Amino acid sequence: NRTNEVVTLLTGETCFAFFANITKAKCAKVVRAVLDIVCSCSPDELEMQAGVCRNIVDWCRVEKRSFLRQRVEAKLAAVLVQQDKYGEALALVDNLLAELKKLDDKQLLVETHLIESKIHHGLRNLPKSKAALTASRTNANAIYVAPALQSQIDLMSGVLHTEEKDYDTAHSYFLEAFEQLDQMDDREKALPCLKYMMLCKILDGLNKALGLSKKGVPGARSYKTDVDISGMITGRQGVKYAGPAVDAMSAIATAASTRSLKEYEAYPHELNEDLLIRHHLGTLREQLLESNLIRIIEPYSCVEISHVAHLMEMDLPAVEKKLSQMILDGKFRGILDQGKGQLVVYEEEDVDKAMEGGLKVIENMDSVVTSLFGRSQALRSMMI
């Protein structure tokens, strides 16, 4: 709890004479080492870490120590990402990248582009996130990259492939990052990689089952082997990383195989603290809910909503809201008769291809007439 005194020790009068008699490179090494120690001693106190970084950056500006300032700003941006302050972090990274590109500092460019990729991913801007990661990889190819940094690049690559629903490629990247971190015995950073590997296996298996539903088999049951992650959690590495996080993913795998929605609420903290897992499991839960509802209402032309809610073991208002949303989205044809508390399901009608063809012809004629009108207006203006 004496972090301010440590900062004062570094940037105040106490160490001024010492720093004045050593090279700037050695001074930067000492300050960064102390900063890393302070951050490692209090990994959860992000506000304190950000404050320490800002104080050191201000001192660097006064002392004109650009080399150290740039590295501490990169550290500050990483802390801001952990705090979910993406706007402030992005502004800081943009200014830092403009400086680094002039200096062509490859090592720091790799780290900064990686942070930029994480920021854009947090903002759900996937194209820019992918572009920043590509820039980081390009700079990394020109220099030696430490295993710890390489594992973070592989981890981010896996995250972006997961967002693109390419689960096989994402799993291979997560496995690569996990093996590197496991060899370094960095359990804290290796555990998320293991969780993401389990997530990819679950999503891949369930997506195959839900894909069957879209082809005309509503509520197709996924097989246990599709989401079997026992091989990951029973081996030596699984036992080593056993804990609430792994138990939470195992519960999700069980829920996926049994198509049960109750298991999703069993581990709220472990599943909601991670951005990637929270986003994908939230989407997956909605897809699973829709699939289960379609499976229940398929045999009926008219069914009481309370009966559907009872079978789903959900509250009646939540089921009503979801059914109305599915009707509006065109997932099935029907109406909600709230006066009688019933759901009326209509038969799927064959698409009238003649009408579709006619509408297409009218649309094409409209575009042609609009184009001709534009050209005639241009000719008229030239003649005048």
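Of these, S117, S40, S129, S136, which one is part of a helix (DSSP H, G or I) and in contact with a Gly (Cβ under 9 Å, 6 or more places away or on another chain)? Before you say what the answer is, go through the steps one by one.
Numbers: S117 fails: in contact with a Gly (Cβ under 9 Å, 6 or more places away or on another chain); S40 fails: in contact with a Gly (Cβ under 9 Å, 6 or more places away or on another chain); S136 fails: in contact with a Gly (Cβ under 9 Å, 6 or more places away or on another chain).
Answer to the check: S129.
I need the full set of residues from the stretch 324-336 which are under 30 Å from the mean Cα position of the chain (by Cα) and either under 19 Å from T283 (Cβ atoms) or of a type in the set (G, A, S) (or both), in order please.
Answer for the stretch 324-336, where residues must be under 30 Å from the mean Cα position of the chain (by Cα) and either under 19 Å from T283 (Cβ atoms) or of a type in the set (G, A, S) (or both): S324, Q325, M326, L328, D329, G330, K331.
Can you tell me which residue among E290, E273 is in contact (Cβ under 8 Å) with a residue 40 or more places away in the chain and under 30 Å from the mean Cα position of the chain (by Cα)? Walk me through it before giving the result.
Details: E273 fails: in contact (Cβ under 8 Å) with a residue 40 or more places away in the chain.
From the options E290, E273, the qualifying one is E290.
How many of the residues making up the stretch 140-165 are farther than 18 Å from Q180 by Cβ and open to solvent by 50 Å² or more (accessible area, probe 1.4 Å)?
3
Hey, among the residues in the stretch 314-367 that are over 20 Å from L293 (Cα atoms) and of a type in the set (G, A, S), which one's modelled with the highest pLDDT?
We begin by selecting, within the stretch 314-367, every residue over 20 Å from L293 (Cα atoms); these are 339, 349-367.
Cutting the leftovers down to of a type in the set (G, A, S) gives us 339, 354, 357-358, 367.
Working: G339: 83, A354: 82, G357: 86, G358: 88, S367: 91.
Among those residues, the one meeting the criterion is S367.
Here is a check on your reading of the model: is G357 over 39 Å from the mean Cα position of the chain (by Cα) and either of a type outside the set (A, V, I, L, M) or open to solvent by less than 100 Å² (accessible area, probe 1.4 Å) (or both)?
Values: over 39 Å from the mean Cα position of the chain (by Cα): yes; either of a type outside the set (A, V, I, L, M) or open to solvent by less than 100 Å² (accessible area, probe 1.4 Å) (or both): yes.
So G357 fits the description; yes.
Filter the stretch 48-58 down to the residues that are open to solvent by 30 Å² or more (accessible area, probe 1.4 Å) and either modelled with pLDDT of 85 or more or in contact with a Leu (Cβ under 8 Å, 6 or more places away or on another chain) (or both), then identify the one that is farthest from V79 (Cα to Cα). First the steps, then the outcome.
If we filter the stretch 48-58 for residues that are open to solvent by 30 Å² or more (accessible area, probe 1.4 Å), which is where we start, we get 48, 54-55, 58.
Now narrow it down to the ones that are either modelled with pLDDT of 85 or more or in contact with a Leu (Cβ under 8 Å, 6 or more places away or on another chain) (or both): 54, 58.
On the way: R54: 11, D58: 17 Å.
Restricting to residues being open to solvent by 30 Å² or more (accessible area, probe 1.4 Å) and either modelled with pLDDT of 85 or more or in contact with a Leu (Cβ under 8 Å, 6 or more places away or on another chain) (or both), the top hit is D58.
For residues that are at pLDDT 75 or above and open to solvent by 100 Å² or more (accessible area, probe 1.4 Å), tally how many sit in the stretch 1-31.
Adding up the residues that qualify gives 5.
Every residue in the stretch 114-139 that is of a type in the set (G, A, S) and open to solvent by less than 20 Å² (accessible area, probe 1.4 Å), please. Show your work before the answer.
Residues of the stretch 114-139 that are of a type in the set (G, A, S), as a first pass: 117, 122, 129, 131-132, 135-136.
Scanning the stretch 114-139 gives S117, G122, S129, A132, S136.
Given the criteria over 39 Å from the mean Cα position of the chain (by Cα), exposed (fewer than 11 other Cβ atoms within 10 Å of the Cβ) and either more than 30 Å from H161 (Cα to Cα) or touching a residue at least 40 places away in the same chain (Cβ under 8 Å) (or both), does S376 qualify?
In short, yes.
If D185 satisfies all but one of (1) charged (D, E, K, R); (2) touching a residue at least 24 places away in the same chain (Cβ under 8 Å); (3) part of a loop (DSSP other than H, G, I, E, B), what's the number of the condition it fails?
Only one criterion is unmet by D185, namely (2).
Inspect the stretch 69-88 for any residue being without any contact (Cβ under 8 Å) to a residue 24 or more places away in the chain, under 27 Å from the mean Cα position of the chain (by Cα) and not in a helix (DSSP H, G or I) and give the result as yes or no.
The first filter runs over the stretch 69-88 and keeps only residues without any contact (Cβ under 8 Å) to a residue 24 or more places away in the chain, leaving 69, 73, 85, 87-88.
Remaining after also requiring under 27 Å from the mean Cα position of the chain (by Cα): 73, 85, 87-88.
Checking the rest, the ones that are also not in a helix (DSSP H, G or I) come to 85.
Yes, that holds for at least one residue.
From the list L199, L191, L175, exactly one residue is more than 18 Å from E290 (Cα to Cα), in a helix (DSSP H, G or I), open to solvent by less than 10 Å² (accessible area, probe 1.4 Å) and at pLDDT 85 or above. Which is it?
From the options L199, L191, L175, the qualifying one is L199.
The values are calculated or read from the model by the stated rules, or taken from the named source; none is laboratory data. It should be emphasised that the depicted structure is a prediction, and the values quoted were computed from it without experimental measurement. A quick note on method: Cβ atoms are made from the backbone with ideal geometry, for glycine too, and the neighbour counts reach across all protein chains shown. The area values use the complete protein model at the heavy-atom level, side chains included, leaving out ligands, DNA and RNA. Shrake-Rupley method; radii C 1.70, N 1.55, O 1.52, S 1.80 Å.
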